[in-house]
1. Taking amide H atoms as placed 1.01 Å from N in the peptide plane, list the residues 5 or more away in sequence, or in a different chain, whose amide H sits under 5 Å from that of C:SER61.
2. Just to be sure I understand: with springs between alpha-carbon atoms less than 10 Å apart, which residue in A:GLY21, A:GLY134, A:GLY285 has the highest mean-square fluctuation in the Gaussian network model of chain A?
3. Considering every residue in A:28-41, what mean count of other chain Cβ atoms within 10 Å of its Cβ is obtained?
4. Before rounding to the nearest 500, sum -39500 (n - 2.57) across all DSSP H runs of length at least 4 in chain A and divide by the residue total; then give [θ] at 222 nm in deg cm²/dmol.
5. Calculate the spin-label point distance for B:ASN175 paired with C:THR105, positioning each point 7 Å from the Cα along the beta-carbon direction, and give it in nanometres.
6. According to the square roots a ≥ b ≥ c of the eigenvalues of the Cα gyration tensor, what is the shape class of chain C, taking rounded for a/c under 1.5, prolate for a/b larger than b/c otherwise, and oblate for the remainder?
7. Output the pairs from C:LYS20/C:LYS80; A:LYS357/C:LYS80; A:LYS279/C:LYS152; A:LYS8/A:LYS280; A:LYS8/C:LYS125 with a Cα-Cα distance over 31 Å in this structure; if there are none, say none.
8. From the phi of every residue in the stretch A:258-265, what ³J(HN,Hα) in whole Hz does the Karplus formula 6.51 cos²θ - 1.76 cosθ + 1.60 yield, where θ is phi - 60° and glycine or proline is x?
Amino acid sequence: MSELKLMKGNEALAEALIRVGADAYFGYPITPQSEVIEYLMTERPELRTGMVVLQAESEIAAINMVYGAASTGKKVLTSSSSPGISLKLEGISYLAGAELPAVIVNVVRGGPGLGTIQPSQADYFQSVKGGGHGDYKLYVLAPASVQEMADFVEDAFDIAFKYRAPVLILSDGVIGQMMEKVYLKEQVPRLTNEELIEKYGSWAVTGKTKGRERNIITSLDLQSEKMEARVRHLMKKYEQMEQEDMRYEKIQCDDAEYLIVAYGSSARISQKTVELARKKGIKVGLLRPITLFPYPKKPLMDLTPQLKGILSVELNAGQMIEDVQLSVEFKVPVAHFGRTGGVIHTPEEILEALQQKINNTWN
Amino acid sequence: MELIDIIRPENQVFCKTKLMTDIPLSYCPGCGHGTAHNIVMEVIDEMGIVEDTIGVAPVGCSVLAYDFMNIDITQAAHGRAPAVATAISRIWPEKYVFTYQGDGDLAAIGTGETIHACNRGENIVIVFVNNGIYGMTGGQMAPTTLPNMPSSTSPYGRDTTTMGFPLKMTELVANLPGVYFVSRQSVHTHKHARKAKKAIEKAFENTRLKKGLSFVEIVSNCNSGWKMTPIESNIWMEENMFPYFPLGDIKVDGILK
Amino acid sequence: MTEEIIIAGFGGQGVLSMGKILAYSGIMQNQEVSWMPSYGPEMRGGTANVTVILSDERISSPYLRVFDTAIILNQQSMDKFEEMVRPGGTLIYDPNGIIQHPTRTDIDIFQIAANSLSIEMGNKKIFNMIVLGAFLKIRPIVLLDNVIEGLKKSLPERYHDLIPLNKQAITKGMESVTQHIVKETTVS
Ligand SMILES: Cc1ncc(C[n+]2csc(CCOP(=O)(O)OP(=O)(O)O)c2C)c(N)n1
Ligand code: SF4
């Protein structure tokens, strides 16, 4: 039985975290995501499920607390917003290098620097192109509704444990702050320590018992050949993610001559643009990447024969457009539209940009 | 006496601090940040050192200090002001360099930078405004939040068994040999503000004499974060903050009191 | 049916909670809803606004520039949002503190003196409920029963004894709203 509630995206994520049976949350306040830790502190999950919630002294401390909890096989999540995520990047690189399952949430605000607290999607490059140092990738989920803020917590942990890899939920100030209807799943009990050891005892540091080799969590390999093997192993995982766990959604694409590609809040806003355009007889569809890595390259490529132009709509100065261009191998002209600095584009603005492209260059 | 006589310069008893800009303060009415800004600017003005002063603003409500303080200011990342100030003072040893930081900035995310700048005895002034809460982000628990004090991330009051105790950064840094002067003051009454101003004067004087680090804490209110009226918050501060964070000099001329 | 609403005024006027009650009421009658607030320091004593959408279908953009209805409670918001009402739409405002009254003739414009009514009723906190009543009279998109259910959902239990007072305020708003400008019928 699921429960229907009206919640903010940030609150829905926090409630879902308790309900999936997570073991711990570590975070540091920052707008526009402070509701996550505020909600958890109010809900007292330590009484509901025994989950640990701690306000760290900084984002650096928080991500390293995540590293610690994840090394022991526990289900752990941290959330922050752009400047805080920048601080977490060292830790995220370590999580990837040490092959630890963990979920990181970024409720993006405008940058660079201290920037603004208003919504933005300017952390696309940081999220999908590495961000931290070294050869690694994050599996990146981009929720576009409050429901997905809740649902993706479970999905993210599934992927994190399937691959033993960090997963990023890339949200933004719109999705985090708005309220919508959300159906919350029933409480899943937390794993007992025995169950955890049974499942993850082969790698997690839980105390060396008789009859098994000791477990070591590290991202260090001083021998280059060994380090290279480690990197190759990581790359294999990312290939498997591309084959098995890429996700996207298509809206009104069947007869589309033009396509908007947008994720998260931009996808929601662009959906309205599609409605407005269709009323004017413009055949436009929307492709919404749900995972930003792995990127829906093939679905995009498959659409190219019918398309005259693609508009990449993002709340930034043009970042995802590069992946759109690579996906369609430059076979279709691709343009970017997006407001920056925390200004949110409106459905009408996007439509205007689209019409201009259609009239001036795509005909 | 005619009006014109009353407003003669020699009859003036108070004027706007010269080094404050005309931009309206963005602080909540009743907040201590405004007075703290004022006295720092008065000291710089009265010492005639504005041309040789470089300020470092934090991330917190006073992130906008650069809008109000009419001096050269650089704005640092959250918690990093002491590191930024270190570099400036090392490269410009003849300058007066000061940071102005809140408790989240100085005593949580910036603990490392604070302790190490103090430990190196950098020739800077640190003005530390302790209001026991994160004002800017909407009233979350700070390292200096009092036991059992509610905040948005300690809604049932700070539970010291899981959230630790209020951090007395000022006493902590006073024990470091590099730190020359440490004082804790407040600005909620004229009398207190005058004392605080004296302490800040002494701090800048120490910089002039190249004595090392001077650390002035100002225990202040955050009426919005505490969810009180300004007057209630000042009474609450006297009754609850001062016993935990007692006012007065803690280290003078390198000697602990 | 889809109704796209902006509610805008000062922080502290209950703008956000009024939007929340409306959203809850929509849920009570099985609609899709979204509630998108302005947030951050601009709310510290400044303006606050919220976009509320109630619809029988999946809601696309939660963020809009064109609205079916604007509920406007201060001058800054009037300056910003009057022009964003779609032709043929509705504007409801409290004349208290308004210097430049709305002038558009392609929309219906209503006044509700909620501020003075709330003072008359001896409780400034019910200001937003009077406004809500006015809105519901003009745009009866949710049933009063569902609003009361919505109120129950959005108020913590300990405040449930205030529900009759809120209901009274809503009724007062319904009775007191007056038309300021009737849209010219040339707009079809
Ligand atoms: C890296 C990073 N993390 C978090 C924040 C969000 N943030 C801004 S100000 C602040 C705390 C402010 O509290 P304090 O230093 O006590 O100053 P006050 O506002 O109370 O004066 C936080 C956590 C940020 N800007 N950057
Ligand atoms: S939130 Fe608190 S610290 Fe910030 S300006 Fe308001 S009263 Fe001052």
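1. A:LYS272
2. Highest fluctuation among the options: A:GLY134.
3. Going residue by residue through A:28-41 and averaging, the value is 5.
4. -13000 deg cm²/dmol
5. With each label placed 7 Å out from Cα toward Cβ, I get 7.9 nm.
6. Verdict is rounded for chain C.
7. Correct reply: A:LYS279/C:LYS152; A:LYS8/A:LYS280.
8. Values per residue, Gly and Pro as x: 10, 9, 9, 10, 7, 10, x, 4 Hz.
FYI, it's all coordinate maths here, none of it is from the lab. These numbers were taken from a predicted model, which means no experiment stands behind them. Cβ: placed from backbone, ideal geometry, glycine included. Neighbour counts: every protein chain shown.
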